[in-house]
Each structure stands twice: as structure tokens, then as C-alpha cells.
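J.: Before I ask anything, let me first share the structure, which is written out below as C-alpha cells.
Here, each number is a calculation from the coordinates, and none is a lab measurement. For clarity, every value in this text was computed on a predicted model and none was experimentally measured. Because the Cβ atoms are built from the backbone with ideal geometry, glycine has one as well, and the counts that use them run over all protein chains shown.
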Amino acid sequence: MNIRRWSVGVIAATLLVPGVAACNSGTTAESPAAGSSTAPAVPADPKEALLASTKGLAEGNYTFAIAADGMTGKGVFNKPANSAQMTMNMNVENIAFDFELIQIQPDIWLKIDLGELFAGVPGMEAMKDKYQHLDAAKAGQSKNLDLLKEGGDPAEAAEMFKGVTDVKQTGEGAYSGKVDLSAVKDSVAADEDMIKALGAQAKEIPFTAKLDPEGRLTELVVSVPGAGEIKAQDIKITYADYGAAPAVQKPAADQVIEANEQIYEMFK
């Protein structure tokens, strides 16, 4: 399985590392100003409310954090400014690496420390010391390096919510239910190998979601049961700063070298 787009869950699946357990994150979306009368009405139907909650993500201007056992990541998407940044750290079952991607169109910079994973592989050592600058035309042939192409949501929440089979509102802006991951075509929580291992269990995966007062998604937790070598896992993603994502800065010139061929090949 190739690295699709840079996100914590996808890289974890690529390396076939089972076992993603929940961990807490303090990231929350900012609430609208007190007394605001411009907030759109949240649909009364729970599933419709969840589907509507992803409209802010489609605009591509927000921050996010993703957390799991041995993995943490965060990112900024500012599609109106044609820029994005993602960082990730993973340390699971003796596999450890750090990853950062910066995109300010038309440029892309990568910095990767793969630890012992690719020790001794020619050209890989330089990746952890300097940012690799990618040629825009050449990188354009590799959709996996374009964070901004589809809005950037690492969980593909809009796609996942289409697979919801049962959902109810449990409190103000709080929802819980089940989703058929086998029906989800593209989501961090719907890894192909994981779904195959889960079998029939994949059709009823528990999840919880939280929305802010404006009905925008602020937290999504998908609880995947154990199956075979896959340990029970919670994948938690939080969203914040809708419409106010900070500016992304490019690396200092003395920290940049031109990307080698291994980078382009890795993300095809």
C-alpha cells in the first residue's frame, strides 16, 4: 500500500503498524462571539447535522490535531492562501520516525527522519537534516504530495459520515453512533487491510462526534475493535480555528536542499 496523502493514519497503515489507542487532546474549535445571530441552524436530524458539520472543512481553512497510541500529529490548512503544513511523530513497536511537510503553492518542502527504518539506504540520511525542496512540475505528477487538493481533512469526515448507519444526539453538540467502514471509500479510519481483518465487525464501528455552536465538527473519535493482529484502537481527530488558520512559513534557505529521487518515488 502506497503513502496516499500525508496523514497520521495513512502512514500508520502504510507501515502496517496495528494498534492505535486513544489519547486526549486539548484542541477545540473557537466558539462564535457571544450574542452572535449569524450562526446557521444545526439540522435536527443527527445524520444531517454530521454531514453539514463538514462544510467548514471543505473550505480548507482550519487547524487539526490527531492522536493515538505512539502517534501524534497536527496540521494547518489555509487553502485561501494556498498553503498547508503537517507534522507527525510516530513511535510504535520499535518503529520511530518524524515527518514534516510544508506546502506554499507552487512549492513543497519535506523533512523526514525515518530513524532505523531506512538506515544505510543511500540518500535517506540527508532527509532528516534538511528540508527537501520538490520541483513543482515534477511533484505535480504525485497527487500524494498535494495537501490542498481535496481540502485536506485527514479523516475524510464527510466521506465517513455517509456510511453512518445509526446515530443519535447525546447532548448539546454531542453525537454517538455506528458507521459501516466497509462502505466508506476514502477515510483515515477505513484502511483496506484493517477492514478486511475486521470482517463483519467493520459494518458497525462505534464513533462519537462533537460540534461547536455553529454546527462545525470539532472532534471525531472512531473506536475500532480488535481483530487478529489488530489491537483495539481509538482514532481521535480534533479541529479548530475555522476561518482563522495561521500563516504557513517556508523554511530558511540554509535549511533547504533539492529533493532526491527517492522522495518522488516514495509518494507516487
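J.: Quick one: Debye curve from the C-alpha atoms of the stretch 154-225, no solvent, what's log10 I(q)/I(0) at q = 0.14, 0.28 Å⁻¹?
T.: -0.40, -1.35
J.: Of LYS74/LYS162; LYS74/LYS128; LYS55/LYS196, which ones are farther than 21 Å apart at the Cα?
T.: Numbers: LYS74/LYS162 25 Å; LYS74/LYS128 19 Å; LYS55/LYS196 30 Å.
Among LYS74/LYS162; LYS74/LYS128; LYS55/LYS196, the Cα-Cα distance tops 21 Å for LYS74/LYS162; LYS55/LYS196.
J.: Could I ask something else about it? For the stretch 146-268, go through all pairs of different Cα atoms, get the mean of 1/r, take its inverse, and jot down that Kirkwood value in Å.
T.: Details: mean 1/r = 0.0594 Å⁻¹.
Taking the inverse mean of 1/r over all distinct Cα pairs, the stretch 146-268 comes out at 16.8 Å.
J.: Loop-only check: which GluC sites (Glu not before Pro) in the stretch 184-268 are DSSP coil with at most 12 other Cβ within 10 angstrom? Mind showing how you got there, number by number?
T.: Details: sites: GLU192, GLU204, GLU214, GLU219, GLU229, GLU258, GLU261, GLU265; in loops: GLU204, GLU214, GLU229.
Qualifying residues, ordered by number: GLU229.
J.: Let me ask something additional. When the chain is fully extended, how far beyond the present Cα-Cα distance does ALA58 get from GLU172, taking 0.36 nm per residue of separation?
T.: Working: separation 114, 0.36 × 114 = 41.04 nm, distance 2.35 nm.
Using 0.36 nm per residue and subtracting the Cα-Cα distance, I get 38.7 nm.
J.: What is the percent of Cα-Cα separations in the stretch 221-268 that go past 13 Å? Don't skip to the end; give the middle numbers.
T.: Values: 877 of 1128 pairs.
Cα-Cα pairs in the stretch 221-268 separated by more than 13 Å: 78 percent.
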